[in-house]
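Quick notes on the structure that follows.
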Amino acid sequence: MLNNKIILITDALHFLGKTGSRVMTAEGATVYAQDEAFTDAATRAEFEADIPGTKALAEQDPTEIVDKIIATEGRIDVMINNDAFPALKASIDEADIGDFRRTVENLMVRGFHFAKEASKHMKKAGQGKILFISSAAPKNGIPNYSMYVAARGGTNALAQTLAKELGRYNIQVNALAPNFVESPDYFPKELLENEAAFKKITSQIPLGRLGTQEEAGDYLLFLASDKSNFITGQVLYFAGGWA
């Protein structure tokens, strides 16, 4: 499905990063992966050995990363903003403004920066895909998580707006919006092993269970492939019916 595609994915050690990298390289893509931990050479080597076909990047600045890929490959076919940051719990009167700024910076501003840099080259190529892996949380809202939900809502709106702006260049922009998907970033092992807590979590989900990484990976694979060429401007919920 992705033969010879050049793909960039961010926060590769978090959220859907490893799963996404694995399914896309298995389908023939070359995946460039960014993660804050990749400033360490051993961590980069471990990631590349674990997922053949990936190239872990030491660079962190979006402009430097995109420029490096363009210099090496000549193009970026798919830009995946897999932005991950803790969902900090706080009521509006107790929320720390610094925490809110950090949340928006990591979940919205950084993705905007990567999209800005990648879109320049996609315009010249006359094709491309920009995906934001965001959240279904803005659909219903979650009390005491306003910082996280607001940032994810901004990202979903960004995807819809960029789709209208970039459509004439044959660039598709969508947001994959999960919720209740197995991920240690949001559902640590000790939480899932707590029977009462797990029951409370899954009671909110019409399908009665968490989504798997494999299911999310298949959805991401479809959106990154040419099979989704007529889909753009969508916030595509993946939440077991919650959204």
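The values are calculated or read from the model by the stated rules, or taken from the named source; none is laboratory data. Small disclaimer: the values here were computed from a predicted structure and weren't measured. Cβ sites come from the backbone with ideal geometry, for glycine too, and all protein chains shown count toward neighbours. To get the accessible areas, we keep the full protein, side chains included, count just its heavy atoms, and leave off ligands, DNA and RNA. Shrake-Rupley method; radii C 1.70, N 1.55, O 1.52, S 1.80 Å.
Data overview
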quantity: Candidates 183, 203, 225, 134 - the one that is more than 28 Å from residue 77 (Cβ to Cβ) and not basic (Lys, Arg); calculated: 203
quantity: Pairs with Cβ under 7 Å, 6+ apart, first in the range 211-235 and of a type in the set (A, V, I, L, M), second open to solvent by 70 Å² or more (accessible area, probe 1.4 Å) and not in a loop (DSSP other than H, G, I, E, B); calculated: 235/160
quantity: Selection from the range 9-44 of residues that are β-branched (Val, Ile, Thr) and within 23 Å of residue 136 (Cα to Cα); calculated: 9, 10, 19, 23
quantity: Count of residues meeting criterion [open to solvent by less than 10 Å² (accessible area, probe 1.4 Å) and over 18 Å from residue 82 (Cα atoms)] in the range 52-67; calculated: 0
quantity: Of the criteria (1) farther than 16 Å from residue 112 by Cα; (2) touching a residue at least 60 places away in the same chain (Cβ under 8 Å); (3) open to solvent by less than 50 Å² (accessible area, probe 1.4 Å); (4) of a type in the set (S, T, N, Q), which one residue 174 fails; calculated: (1)
quantity: Qualifying residue in the range 140-153 (condition: over 22 Å from residue 107 (Cα atoms), open to solvent by 40 Å² or more (accessible area, probe 1.4 Å) and more than 19 Å from the chain's Cα centre (by Cα)); calculated: no
quantity: Considering residues of the range 1-36 that are surrounded by fewer than 16 Cβ atoms within 10 Å (Cβ to Cβ) and free of Cβ contacts under 8 Å to residues at least 40 places away in the same chain only, the residue nearest to residue 73 (Cα to Cα); calculated: 4
quantity: Output for the range 88-116, where each listed residue is farther than 24 Å from residue 133 by Cβ and open to solvent by 40 Å² or more (accessible area, probe 1.4 Å); calculated: 92, 93, 94, 96, 97
quantity: Residue among 207, 220, 236, 158 that is open to solvent by 20 Å² or more (accessible area, probe 1.4 Å) and either among the charged types (D, E, K, R) or in a helix (DSSP H, G or I) (or both); calculated: 158
quantity: Residue ranges of helices (runs of 4 or more DSSP H) in the range 10-120 with at least 3 members modelled with pLDDT of 95 or more and on the phi > 0 side of the Ramachandran plot; calculated: none
quantity: Breaking point among (1) touching a Leu at 6+ places or on another chain (Cβ under 8 Å); (2) of a type outside the set (A, V, I, L, M, F, W, C); (3) within 30 Å of residue 188 (Cβ to Cβ); (4) part of a strand (DSSP E or B), for residue 129; calculated: (3)
quantity: Positions within the range 37-51 being within 28 Å of residue 1 (Cα to Cα) and surrounded by 13 or more Cβ atoms within 10 Å (Cβ to Cβ), in sequence order; calculated: 38, 44, 46, 47, 48, 51
